[in-house]
Amino acid sequence: MPSPLHPRTQLSTESIFATMSRLAAQFGAINLGQGFPSNPPPDFLLAAARKAIGVFDQYTAPIGLFKLREALAEDLSVDIDQVVITCGGTEALHALAQALYGPGDEVVILEPYFDVYLPDAKLAGATPVLVPMKLEGGWRLDLEALERNISSRTRALLINSPNNPTGTIFSKSELERIVSLAKERDLWIISDEVYDELYFSGAPLSLRRLAPERTFTVGSAGKRLEATGWRVGWILTPAGLAPTLAGMRQWSSFCSPAPLQAAVAEALPFARQTGYYQTLREGYKKRRDLLASGLRALGFEVFLPQSTYFLTARKPGLEAETLVKDAKVAAIPGRAFYEQHPAPDGLMRFAFCKTENELTRAIERLDAYLKTAR
Ligand code: GLN
C-alpha cells in the first residue's frame, strides 16, 4: 500500500454548493442553492463566443488576452498594466492567497464567508481569523471586532462587498475605516467584488478607489454576464504587481479559455453601452422581491439584500438538509458559511438567479411542506 496522501487533502471534501446541487438533482428539488443563473447567458455573449472559436484556440499569455485586458481597463477605469485575467474569481483568490501569505501568517475574513476563502488560506499555510458580521438590524460590519482581530501576524484583510451570502454593501465610511486600519497596520486588502454590477439601490464603492497601492480587486465575467461556467475572472493589482500575479496563476491553469476571453472582451463594452447591467439588475430586483414576499408570508425572517443574487432568511428549527428531501427545495444551510462562531438558528441562503416560475413553485412547495410539517 503506498503511503497516505498529504494531510492537506483533508481540504478535498465536496463543497456545500456542489453537495446541495447533487441533493437537489437526487430528490428532484428546485435548486435555489448554488448561485448560478437558470436562464442562458445573453445572446450577444453567445454570438461572440461562437465567432471566437476557430480563431482564438491556443494559449493566451498567462496575464490574459490583450483585448480583454484592454476592455476591462476601459470598463473599470484602471491602467491596463494592472489587469490580470484568471480562471474565474476562484483562481484569482487562490493566486492571491499564494502571493500574499504563508505559514505563521493570519488573514482576517468576515463570517459568514464565501467558502473558498478558508481552504485558500489553509492551502497557503496561513490561519484564517474570522470576524462575525452583526445580524441584528440587518447584516452589518462589526468594525470594532475587525480591529480587535488584527494581530502582529495579520498580513491581509479579505473583504467581500457586495457580500455573499448576506447581500450587504459596505458604506463609504465603513470602507474608509477598513482602509485606515490597513494603512495603520500595513496590511494588504483583498477585495472580492465579483457582484459589483448586481446592486438594487446605490452602486458599491470599490476599495481600490480608496487604497490603490494596497488593494487587489477580484472580478468575474461569470457573474456580470451570467456565464458562471466560463471561468473568466480577473485581478486588478496595485501598480507594478500584475506580472507577479500572472506568474503565480500560470502554475495552476496557465490561462483562462482563449475563445471565452475573446468573447468577454467583445461583450463588455456592448453590455455597458446598451444598458445590459441595468436590465439585469431590474430583473433580479423583481425576483428578489418575489422570493422575499413569498418567504415572509411563510413566516421566515427575511434579510433583504442590497446586492448579489442571494437572500438570507431565517426560520428557527428549519434545516436546509431536511427541506431538500421533504419540501423538494434546495437552499444553502447557514452553517456552511460559519466555522469559528455558531450560525444563527434556522438561517439559510436562497439564490434568486432562477426563473420566476421556479421561485413561485419553490414557495408553493415550501408552503405545502410547512402545512404538513406543522
Ligand atoms: N458563488 C456561487 C455561490 O455562492 C457558487 C460557488 C461554487 O459553487 N463554487 O453559490
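Neighbour counting of Cβ atoms within 10 Å sorts the residues His94, His6, His341, fewest neighbours leading, into His6, His341, His94. The distance linking the range 140-215 with the range 10-38 is 29 Å (Cα centroid to Cα centroid, whole angstrom). Looking at the range 43-273, the DSSP beta bridges with both ends there are about 30 percent antiparallel. Note on the range 147-268: Rg/Rh from C-alpha atoms, Kirkwood Rh, equals 0.99. Cβ crowding within 10 Å ranks Ser191, Ser171, Ser307 as Ser171, Ser191, Ser307, fewest other Cβ atoms first. For Leu141, the shell of other residues with beta-carbons less than 14 Å away shows a net charge of -2, using +1 for Lys and Arg and -1 for Asp and Glu.
Qualifying GluC sites (Glu not before Pro) in the range 309-348, where qualification requires a DSSP coil assignment and no more than 10 other C-beta atoms within 10 Å, are lacking entirely. Structure note, pairs Lys315/Lys371; Lys285/Lys328; Lys286/Lys354; Lys122/Lys183; Lys223/Lys354: Cα-Cα distances above 19 angstrom occur for Lys285/Lys328; Lys122/Lys183. The reciprocal of the average 1/r between distinct C-alpha atoms defines the Kirkwood hydrodynamic radius, which for the range 1-94 equals 17.7 Å.
Other residues within the sphere of radius under 11 Å centred on the Cβ of Leu100, judged by their own Cβ, net out at 0 (K and R +1, D and E -1). Among the chymotrypsin sites (Phe, Trp or Tyr not before Pro) in the range 51-90, those placed in a DSSP loop whose Cβ has at most 15 other Cβ atoms within 10 Å are Tyr59. The spread of Cα positions in the chain, taken along each principal axis and listed from longest to shortest, comes to 61, 58, 52 Å. If you take all other residues with their beta carbon under 14 Å from the beta carbon of Lys183, and give Lys and Arg +1 and Asp and Glu -1, the sum is -2. Of the trypsin sites (Lys or Arg not before Pro) found in the range 169-240, none is in coil by DSSP with at most 11 other Cβ atoms within 10 Å of its Cβ.
No lab work stands behind these numbers, since they all come straight from the coordinates. Predicted, not measured: the structure shown is a model, and the values here were computed from it. Reconstructed Cβ throughout: ideal geometry from the backbone, glycine too, with neighbour counts over all protein chains shown.
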